[in-house]
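Please read the structure below before turning to the comments.
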Amino acid sequence: MLMRRTHPHLEFTHTLPYGAILHENGVQFVVFSRSATKMRLLIYESVDDSEPAEIMHFDPELDRWGDIWSIFLPDQGEGLLYHFQADGPYDPERGQWFDGRARLIDPYAKALAGEFQTSPDGIIRPPKCVVIDDYFDWEGDRHLRRDISESVIYEMHVRGFTRSDTSKVQHPGTYLGVIEKIPYLKSLGVTAVELMPVHEFPNGGFFGKAIDRANYWGYDPLAFFAPHSGYAVGRGPGAQVVEFKQMVKALHQAGIEVILDVVFNHTCEGNELGPTLSFKGLENHVYYMLDNGGSRYKNYSGCGNTVNGNHPIVREMIFHCLRHWVHNYHVDGFRFDLASILSRDRNGNLVPNPPLVEAIAEDPLLADTKIIAEAWDAAGAYQVGSFGDRRWAEWNGRYRDDMRRFWRGDHGMLGAFTTRLAGSSDLYEHAGRPPHCSINFVTSHDGFTMNDLVTYRDKHNEANGEGNRDGENNNSSENYGVEGPSRRLIIDQLRLRQIKNILATLLLSQGVPMLVAGDEARRTQKGNNNAYCQDNPLSWFDWRLVEKHAGLVRFVKSLIHFRRGQPTVRRQRYLTGRATSEDALPDVSWYSSLGTAVDWGGDSTLIALLKAVEPEHDLAGAARDVLIMVNATSESREFIIPPVAKGMQWRLFVDTSEETPHDIFPELDGPPLTADGKHLMPFRSLCCYVADK
């Protein structure tokens, strides 16, 4: 029988002052609730148990310290299963949702085990919390600390990356499955994987019955501190903790950083119609932004509720969570989903210098990590270019939109194209933020894949069961003659060329590039631009495509290799168009297709001459002058390089109009530019020449 200490006391000797804290002689349970009148700890013997084996009652006089409830269980340890249960006011009209029958997940739970269960009284019983021992033999592993300016980010879904039978891994759809594909990631050359949500979220059967649409993406948090158990091979309580750490360690050994997509903007408890699973039953009006006197939830997330991130209690929890993942899991950074919500005060107003955003940037334990914002939310906030300080990088939505429109052939996009290619100084320089604050991307998990961007003019989300009403309507996409797959060779060739144009632009742009898993092999979602619920082959990586489109994979590998070795295309400072001395070339020069001054109101043709970076920024001595020629029009053009470039020896590196292997020369040994400096550019194509040393 479980026994509690006669004279309990707080023992804040652990990194986290809340949750289940493991001591040598037992476990201390600590939970916050300001309004609770009673608190209970439910202990289970098995993950399948519907009823607790023991119920421990907190003494309000002895076990409560301010708004902190704490109880110590001696002779208990790792693997113990538990819930909290709280009595208190039930007054939904004023934002109080206490229910003494509800089984509550510890907000600081480090792992969950088991499934949702139904009960005769209709109360949902969530998975059980697990007491975890944080020890793991890291064998000296530390954060890689790669400068973000040198990063090439690869966004991927842990399950979808290897779930397909075509992956040929021993453990498909799991953390261990990712380990088996590290050789591919290493050969591709990416420096970081950005994992879609891996904190615990409900898979299905959420309201005690089967649901029509699976929660595949995972943007529906249930426990912020706990790795998702569904991605583990082992079924024992806490197996996911060890396997996640094994994955991180293996990726680090391969020189690949791990960035987590974290969702601190809402939870799966939903609005006033949703279940009470954790935060609602402990202190609803603290954890969430409420409206209408407390009877409704503010919904800046588009998912039913909004986490009250700038309340001191919640802000503290978010800090502890970030530190937990950095300290206990060695993750290298975070991408904050709908991060503009973190800029809202407790009333939902956007505020300058929001405390949470500033504190994340200044937190000493996070100093070695990368912090990336999705600088908008579902309520109209759009802060691209103005989110946080120079520590914050941002998903550059302007880059995505401008590059899509330019390569589609929209009129008047030449100026926007060059600005994005040069690092988006219009967005970041005014605040003293360097080019690497721009995370450049053209596709992400949210929207079309790269293949579908050039294959579909409209979204095709019928499989989601929402009448094709969900998903973005404005995609700046094109099908080039036929909606969907086509057997017409001329159409498929143009689509492939456009894919290469976009990927070459992405990897030659100043800033930090982000690719989506499978774009290098033409992964398709058949026109679905919102595959959040598609846990099936529609979303999974089909590894047969790597062989089928080996030429494109080679093309991307070569571009990544070039980028990583070429500081000229990943500068620490913005291009100025000025020379450092009288006899030197400007760091960048822009020309028309005839080698003359650019007509910025003209058609979508351009020559860019990038001067090699200065020796002090090129310790490896690898920097080269780079010449980029772009023809986004629907007609072929003869390009003439400017006179200032004719005295150099140029070698072809990229020509997107050519077929593999002549579309890229990884060793920079392509054909030399003709003596007269002329180059015929087919319609919708990009060429890149690199100067001989």
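Brief remarks on what is shown
- Taken together, Glu638, Glu658 contain a single residue that is surrounded by fewer than 23 Cβ atoms within 10 Å (Cβ to Cβ) and under 17 Å from Tyr591 (Cα atoms), which is Glu638.
- Of the numbered criteria (1) assigned to a loop (DSSP other than H, G, I, E, B); (2) buried (at least 24 other Cβ atoms within 10 Å of the Cβ), the one Ala504 fails is (1).
- Residue match in the stretch 578-585 (condition: farther than 24 Å from Cys687 by Cβ and of a type in the set (S, T, N, Q)): yes
- Exclusive hit being out of contact with any Gly (no Cβ under 9 Å at 6 or more places or on another chain), acidic (Asp, Glu) and surrounded by 14 or more Cβ atoms within 10 Å (Cβ to Cβ), set Asp106, Asp67, Asp121, Asp165: Asp67
- None of Asn475, Asn451, Asn440 is surrounded by fewer than 23 Cβ atoms within 10 Å (Cβ to Cβ) and not acidic (Asp, Glu) except Asn475.
- Checked against the criterion of being over 25 Å from Glu394 (Cα atoms), surrounded by 19 or more Cβ atoms within 10 Å (Cβ to Cβ) and among the charged types (D, E, K, R), the stretch 253-260 contains not a single residue that satisfies it.
- Residues located in the stretch 440-459, provided they are assigned to a loop (DSSP other than H, G, I, E, B), touching a helix residue (DSSP H, G or I) at 6+ places or on another chain (Cβ under 7 Å) and not aromatic (Phe, Trp, Tyr): Val442, Thr443, Thr449, Val454, Thr455
- Qualifying residue in the stretch 559-570 (condition: of a type in the set (Val, Ile, Thr), touching a helix residue (DSSP H, G or I) at 6+ places or on another chain (Cβ under 7 Å), more than 30 Å from Ser425 (Cβ to Cβ) and part of a helix (DSSP H, G or I)): no
- One residue stands out in the stretch 425-439 among those that are touching a residue at least 60 places away in the same chain (Cβ under 8 Å) and among the small types (Gly, Ala, Ser): the one that is nearest to Val588 (Cα to Cα), namely Ser425.
- Being more than 24 Å from Phe116 (Cα to Cα), in contact with a Lys or Arg (Cβ under 9 Å, 6 or more places away or on another chain) and at pLDDT 95 or above is not true of His228.
- Scanning the stretch 119-152 for residues being out of contact with any helix residue (DSSP H, G or I) (no Cβ under 7 Å at 6 or more places or on another chain), more than 30 Å from Ala422 (Cβ to Cβ) and not charged (D, E, K, R) gives a total of 13.
- Glu115 vs. criteria modelled with pLDDT under 95 and within 16 Å of Tyr231 (Cβ to Cβ): yes
- Meets criteria (in contact (Cβ under 8 Å) with a residue 12 or more places away in the chain, within 19 Å of Asp147 (Cβ to Cβ) and either among the hydrophobic types (A, V, I, L, M, F, W, C) or in a helix (DSSP H, G or I) (or both)) for Val331: yes
- Residue count for the stretch 81-119 satisfying the condition of being more than 21 Å from Tyr329 (Cβ to Cβ), assigned to a loop (DSSP other than H, G, I, E, B) and of a type outside the set (Val, Ile, Thr): 13.
- Odd one out for Gln649, checked against (1) more than 33 Å from the chain's Cα centre (by Cα); (2) under 24 Å from Phe417 (Cα atoms): (2)
- For the residues Gln170, Gln96, the requirement of being free of Cβ contacts under 8 Å to residues at least 60 places away in the same chain and either surrounded by fewer than 23 Cβ atoms within 10 Å (Cβ to Cβ) or touching a helix residue (DSSP H, G or I) at 6+ places or on another chain (Cβ under 8 Å) (or both) singles out Gln170.
- Look at the stretch 589-605: where a residue is closer than 12 Å to Phe417 by Cα and a partner is of a type in the set (Phe, Trp, Tyr), sitting 6+ places away or on another chain with Cβ atoms under 8 Å, you get Ser604/Phe406; Ser604/Phe417; Thr605/Phe639.
- Residue, surrounded by the most Cβ atoms within 10 Å (Cβ to Cβ), within the stretch 566-599, restricted to residues that are over 21 Å from Leu508 (Cβ atoms) and acidic (Asp, Glu): Asp599
- Of the residues Val654, Val630, Val644, the single one that is touching a residue at least 40 places away in the same chain (Cβ under 8 Å), in contact with an Asp or Glu (Cβ under 8 Å, 6 or more places away or on another chain) and among the hydrophobic types (A, V, I, L, M, F, W, C) is Val654.
- Inclusion of Tyr428 among residues that are farther than 26 Å from Ala226 by Cβ, modelled with pLDDT of 95 or more, among the aromatic types (Phe, Trp, Tyr) and surrounded by fewer than 16 Cβ atoms within 10 Å (Cβ to Cβ) is not warranted.
- A count restricted to the stretch 372-399 and to residues that are without any contact (Cβ under 8 Å) to a residue 60 or more places away in the chain, part of a strand (DSSP E or B) and under 21 Å from Val331 (Cα atoms) stands at 3.
- Number of residues in the stretch 304-320 that are among the hydrophobic types (A, V, I, L, M, F, W, C) and surrounded by 20 or more Cβ atoms within 10 Å (Cβ to Cβ): the value is 4.
- Options Ala226, Ala232, Ala250: the member that is surrounded by 23 or more Cβ atoms within 10 Å (Cβ to Cβ) and either over 27 Å from Glu180 (Cα atoms) or among the aliphatic types (A, V, I, L, M) (or both): Ala226
- With respect to being under 20 Å from Ser33 (Cα atoms), modelled with pLDDT of 95 or more and assigned by TED's automatic domain parsing to the domain that holds Asn203, His252 falls outside the description.
- For Arg142, the requirement of being crowded, with 19+ Cβ neighbours inside 10 Å and of a type in the set (Lys, Arg) is not met.
Table: residues versus (1) within 32 Å of the chain's Cα centre (by Cα); (2) surrounded by fewer than 22 Cβ atoms within 10 Å (Cβ to Cβ); (3) closer than 21 Å to Leu559 by Cα.
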{"position": "Ile607", "(1), (2), (3)": "no, no, yes"}
{"position": "Glu614", "(1), (2), (3)": "no, yes, no"}
{"position": "Val630", "(1), (2), (3)": "yes, no, yes"}
{"position": "His662", "(1), (2), (3)": "no, yes, yes"}
{"position": "Gly677", "(1), (2), (3)": "no, yes, no"}
{"position": "Leu686", "(1), (2), (3)": "yes, no, yes"}
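- Odd one out for Pro126, checked against (1) within 24 Å of Val178 (Cα to Cα); (2) crowded, with 16+ Cβ neighbours inside 10 Å: (1)
The values are calculated or read from the model by the stated rules, or taken from the named source; none is laboratory data. Keep in mind that what you see is a predicted model, and the values were worked out from it rather than measured. In this analysis, Cβ positions are derived from the backbone assuming ideal geometry, glycine residues included, and neighbour counts consider all displayed protein chains.
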